[in-house]
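Everything below concerns the one structure shown next.
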Amino acid sequence: MLNSIFNSFELKGKTIKNRLVVPAMVANYCNEDGTATERYIAYHEEKARGGWGLIITEDYAICPLGRGFKNVAGLWNDEQIESHKELTKRVKVHGSTILAQIYHAGRQTNSAVIGAEIPVAPSAIMCPFGTTLPRALETFEIKEIIEQFAMTAYRAKQCGFDGIEVHGAHGYLVAGFMSLYSNKRTDDYGGNVIKRARFAVEIVEAIRKKCGDDFIIGFRISADEFIEGGRSFEETKVIISMLEKAGVDLIHVSAGVYGSADTIVPPYYTKPGWLADFAAEVKELVNIPVITVGRVNDPSIADNIIKTGKADFIAMGRPSLTDPAFPNKAQAGKFEQIRTCIACNYGCLGILFANEPIKCVLNPELGNEYLGDIKKADNPKKVAVIGSGPAGLEAAIYLSKADHNVTVFEKSKNPGGQWSLAAVPPGKGDLAAFIQWQISELSRLGVHVHLGTEVTAGYFDDKDFDEIIVATGATPIKPSIKGVDLPHVVFANDVLAGTVAAGMTPLIVGGGQVGAETAAHLGMNLRSVTLVEMGSAIAPEEALAPRWHLLRNLDERKVNVMTNAIVKEINENSVVVEVNGEEITIPADTVLLATGSTPENALVDQLQNKGFSVKVIGDAEKIGNVLDAVEAGYNLAKEL
Ligand SMILES: Cc1cc2nc3c(=O)[nH]c(=O)nc-3n(C[C@H](O)[C@H](O)[C@H](O)COP(=O)(O)O)c2cc1C
């Protein structure tokens, strides 16, 4: 019974209908001039329709130099107001409260966004992720920026926002001032914690003066920057007390800076609600409501945090991308219908940092809300889907939603294909929830999934299917290495599946994500594991934050990681590896192959030769990632 998250909350004369918050997330859906597009508005509208009590938009830049991403929203001039007015109007129709996060990116930007201009910062110190050395702001410029914050907040008020949230977290300009990590100034805006907080305090005071008493002022702050030389929680608490005195109404406790991005957007390896204890300490300190955030992806966990008084609100960023209707489904007790975020960071953060509009691996509708729901077919067809990996199941879901009559065939007794194996390594169990969700959706839609049913082309001879979708995935590649056919040489996938056991000195050939995760998995059990990769990087295809964790796991579990290393020969008890032109013999009782996979699509020609109309999707078409696979399933349903 969820009896805490659906209680309303009164703030500044406004009723926030529940405790579920969408935190700021740059989507890169705006125009380059900072104005709102229909895509941007419809994306928020969908969340409002989905029942979120409080929606905090992405960070509106207060000036062009303050942009951290190319298509981020902006309110640095009056011409931008009109399009964002439309946003607040359409969100409020559904009863959500809406705040605009406002920010200046400071040194955490790049030339793809701000061109040849030099980024500004408290001090001329390079961000570890930066490409351009910033220049230190002059004191008069600091005053101008404070004024720009106040004016941006004022424009937000004119747009109809219920308030703003000052982005004082994650290492951007305001956070940069508050931390010795990036602020070495010797004037009134640097030095001890009181002086470093002065910029933030003056911004809050200026906003209050400009926007009046009834306007909500939120402030987002990193509890701890989790980086060497960064600000600790003890200093943060001092600053929070100052901010409360300055007039902040709502405090949002996040974590990290760009250099510790895996704490800003924690990957699947992180425990759900891991920042709630920081929020609880802040709650002890202040008399204003507190928001917690960080990997909360389950309604019961959220409810428990509120119930135990650790926070007043729960922000769920990525879960709101994966399922914008999370609150409504939770409130109706339809938990099995919630598409659970797995914190893979691949579609959202990964794509954002490529400066493209964000996507979600599990939700192909994200960013397409403005196109409306999938259309019903004029001539519904009878469709067979062969294969129950993410691509096949997603195609089946959307084909069914488009009114086609769909049947799924899967040769294995369990659905999921290779995706199920991806859920095996430590920390990745949540991945399994996606296949469960797909299967549960198909059952709700009345689609029959025949498990343990291997179909041949001949099976369809006497059937009247109009379309056959081949989504049979991929099979692992066996490289041509001397000794590869020895009995102790196995596929990493088979070890993950539990059908083959690894010995105590396994050697894994191939340091892509599958090989590296298998190595980390085996390394947990006191084995002496070696991972051999011919390229220079381990798991380069993995998204940034989870990749950091994976590399740390390999390190902690003492996996012998060899890069730029080529396996020359496999022997009964050892493997010969060439590194820098030198051959080394490494003991190995099991050799696991993780050297990629190849499309499994033998049925395609056979079915086409019989005259069937065939479509191929996912890995069966072309080896890709799960984002491609899920998107292919969705797109197919739109096209058929
Ligand atoms: C694509 C993306 C964009 C983000 N942009 C912002 C932002 O503009 N401002 C901000 O304060 N946090 C931003 N964040 C961080 C989120 O607000 C949130 O704190 C983080 O995703 C952790 O919460 P979650 O585990 O519920 O996703 C972003 C996160 C993602 C995934």
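The values are calculated or read from the model by the stated rules, or taken from the named source; none is laboratory data. Values in this document were obtained by computation on a predicted structure and should not be read as measured data. As a convention, Cβ positions derive from the backbone with ideal geometry for all residues, glycine included, and neighbour counts pool all protein chains shown. Ligands, DNA and RNA are stripped out before the accessible areas are found, and what is left, the full protein with its side chains, is counted by its heavy atoms. Shrake-Rupley method; radii C 1.70, N 1.55, O 1.52, S 1.80 Å.
Residue pairs, Cβ under 7 Å, 6 or more apart or interchain, first in the range 259-286 and touching a residue at least 12 places away in the same chain (Cβ under 8 Å), second within 15 Å of the ligand (Cβ to nearest atom) and of a type in the set (Asp, Glu). List them.
Short answer, once both residue conditions are applied: Ser260/Glu225; Tyr268/Asp430; Pro272/Asp298.
I'd like to verify a number: residues in the range 156-209 that are within 16 Å of the ligand (Cβ to nearest atom) and among the polar types (S, T, N, Q), how many?
Going through the range 156-209 one residue at a time, the tally reaches 1.
Checking the conditions here, which among Asn609, Asn564, Asn573 is farther than 30 Å from Cys341 by Cα, loosely packed, with under 15 Cβ neighbours inside 10 Å and in contact with a helix residue (DSSP H, G or I) (Cβ under 9 Å, 6 or more places away or on another chain)?
Only one candidate qualifies: Asn609.
Return the residue satisfying two criteria in turn: it lies in the range 365-404 and is open to solvent by 10 Å² or more (accessible area, probe 1.4 Å) and in contact with an Asp or Glu (Cβ under 6 Å, 6 or more places away or on another chain), and of such residues it is nearest to Leu603 (Cα to Cα).
Looking at residues that are open to solvent by 10 Å² or more (accessible area, probe 1.4 Å) and in contact with an Asp or Glu (Cβ under 6 Å, 6 or more places away or on another chain), I get Lys382.
What is the one condition in (1) of a type outside the set (A, V, I, L, M); (2) closer than 22 Å to Glu356 by Cα; (3) open to solvent by 30 Å² or more (accessible area, probe 1.4 Å); (4) at pLDDT 95 or above that Glu58 does not satisfy?
Result: Glu58 fails condition (3) only.
Please determine whether any residue of the range 519-528 is within 17 Å of Tyr268 (Cβ to Cβ) and of a type outside the set (A, V, I, L, M).
Yes, that holds for at least one residue.
Within the range 585-604, count every residue that is in a loop (DSSP other than H, G, I, E, B) and open to solvent by 30 Å² or more (accessible area, probe 1.4 Å).
Here the count works out to 5.
Among the residues of the range 269-307, write down those that are touching a Ser or Thr at 6+ places or on another chain (Cβ under 7 Å) and open to solvent by 60 Å² or more (accessible area, probe 1.4 Å).
Across the range 269-307, the qualifying residues are Leu285, Lys307.
Restricting to the range 93-105, name every residue that is part of a loop (DSSP other than H, G, I, E, B) and closer than 25 Å to Ala169 by Cα.
Selection gives Ser96, His104, Ala105.
Under 8 Å by Cβ, and 6 or more places apart or on different chains, what pairs join a residue from the range 209-231 that is closer than 18 Å to Phe149 by Cβ with one that is among the hydrophobic types (A, V, I, L, M, F, W, C) and open to solvent by 10 Å² or more (accessible area, probe 1.4 Å)?
Lys210/Met151; Ile216/Leu11; Arg220/Ala24
Please return the ranges of helices (runs of 4 or more DSSP H) entirely within the range 299-352 where 3 or more residues are within 11 Å of the ligand (Cβ to nearest atom).
Helices (runs of 4 or more DSSP H) meeting the threshold: 317-322, 349-352.
Are any of the residues in the range 169-176 in contact with a helix residue (DSSP H, G or I) (Cβ under 9 Å, 6 or more places away or on another chain) and either open to solvent by 30 Å² or more (accessible area, probe 1.4 Å) or among the charged types (D, E, K, R) (or both)?
Scanning the range 169-176, I find no residue that is in contact with a helix residue (DSSP H, G or I) (Cβ under 9 Å, 6 or more places away or on another chain) and either open to solvent by 30 Å² or more (accessible area, probe 1.4 Å) or among the charged types (D, E, K, R) (or both), so the answer is no.
Quick one: count up the residues across the range 554-569 that are at negative phi and without any contact (Cβ under 8 Å) to a residue 60 or more places away in the chain. I'd like the intermediate steps shown before the answer.
So in the range 554-569, the residues at negative phi come out as 554-557, 559-563, 565-569.
From what's left, without any contact (Cβ under 8 Å) to a residue 60 or more places away in the chain: 554-557, 559-563, 565-566.
Residues meeting the conditions: 11.
If I filter the range 61-92 down to residues being assigned to a helix (DSSP H, G or I) and open to solvent by 50 Å² or more (accessible area, probe 1.4 Å), which single residue comes out as nearest to the ligand (Cβ to nearest atom)?
Step one: filter the range 61-92 for residues assigned to a helix (DSSP H, G or I), giving 64-66, 78-92.
Imposing the further condition that a residue be open to solvent by 50 Å² or more (accessible area, probe 1.4 Å) reduces the set to 64, 78-79, 82, 85-86, 89, 92.
Details: Pro64: 17, Asp78: 23, Glu79: 22, Glu82: 22, Lys85: 21, Glu86: 20, Lys89: 22, Lys92: 21 Å.
Looking at the filtered set, the residue picked out is Pro64.
Would you call Pro357 surrounded by fewer than 22 Cβ atoms within 10 Å (Cβ to Cβ) and within 16 Å of the ligand (Cβ to nearest atom)?
yes
Scanning the range 232-265 for residues that are closer than 26 Å to Gly130 by Cα and away from the ligand (no atom under 16 Å from the Cβ), which turns out surrounded by the most Cβ atoms within 10 Å (Cβ to Cβ)?
Only one residue tops the list, namely Glu235.
Is there a residue being more than 15 Å from the ligand (Cβ to nearest atom), touching an Asp or Glu at 6+ places or on another chain (Cβ under 6 Å) and not in a helix (DSSP H, G or I) anywhere in the range 273-286?
yes
Going by the structure shown, is Val113 within 16 Å of the ligand (Cβ to nearest atom), open to solvent by less than 30 Å² (accessible area, probe 1.4 Å) and either aliphatic (A, V, I, L, M) or not assigned by TED's automatic domain parsing to the domain that holds Phe129 (or both)?
It is true that Val113 is within 16 Å of the ligand (Cβ to nearest atom), open to solvent by less than 30 Å² (accessible area, probe 1.4 Å) and either aliphatic (A, V, I, L, M) or not assigned by TED's automatic domain parsing to the domain that holds Phe129 (or both).
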